[in-house]
1. Sorting check: for 45-58, 14-27, which peptide has the highest mean count of neighbouring beta carbons within 10 Å, and how do the rest follow?
2. Starting from the eigenvalues of the Cα gyration tensor, five times each then square-rooted, give me the equivalent ellipsoid semi-axes of the stretch 113-157, largest first, whole Å.
3. Toward the positive end of the charge dipole of the chain, about the Cα centre and with charges on Cβ (Lys, Arg +1; Asp, Glu -1), which of Pro151, Leu91, Val22 goes farthest?
4. Please state the charge dipole magnitude for the chain, taken about the Cα centre, from unit charges on C-beta atoms (+1 on K and R, -1 on D and E), reported in debye and rounded to the nearest 20.
5. How much net charge surrounds Ala30 when only other residues with a Cβ under 15 Å from its Cβ are counted (Lys, Arg +1; Asp, Glu -1)?
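Derivation of every value follows stated rules applied to the coordinates shown; laboratory data play no part. Values in this document were obtained by computation on a predicted structure and should not be read as measured data. Note that each Cβ is placed from the backbone with ideal geometry, even for glycine, and that neighbours are counted across all protein chains shown.
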Amino acid sequence: MVVYGEPGAVSWVESLGGPLIVVPEAVLEAWSGSAGDDYDRACAVEGFTGLIEVGSAQALVLGDEPASTAYLPERGVFVRWSAAESEEAMLAGVDTAMRTASWESELLWQVPGPVVLFDSAWTSAKCHHQDHVRVALEAGPYAVRAAYVEPGPETWLTLVQLHPFQA
């Protein structure tokens, strides 16, 4: 995993060029990456986010571009780095970006528990030896929404926010 700025402050996951994937740990063993057809299914997702079946659950595809991505648990958001002079500038723009975002329609994602963010090309066996981040989500339904935001003249990012779904 790539760490910018203060060591261990924020862990960033990078891609070899395709989409990143967020797979529930409960079905991680079922992810075949580019060794099977799962990578192709992830690549077929259009837009910022999409859901695909993996075993008995769904995985969240972070599409559009292969941007470095971190999860900020205190905000419940994946931050996707499109452009910024530094990690400090990127993270400083998150609050403004969240306030000013023009969010796309929400997806409803049923999560069975903790999930793992990694490059969709990797198999489940290889993902733990590559860039990855474990996100300790509680089981339940989540609303997922995304937005591309330019909070500053040289800071561009995509936000993918997760929040527990309230019917």
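1. Numbers: 45-58: 16.9, 14-27: 20.6.
Highest to lowest by the protection proxy: 14-27, 45-58.
2. Numbers: eigenvalues 136, 68, 15 Å².
For the stretch 113-157, the semi-axes come out at 26, 18, 9 Å.
3. Val22
4. Numbers: 7 positive and 23 negative charges, 68 e Å.
Magnitude of the dipole: close to 320 debye.
5. Local charge sum for Ala30: -3.
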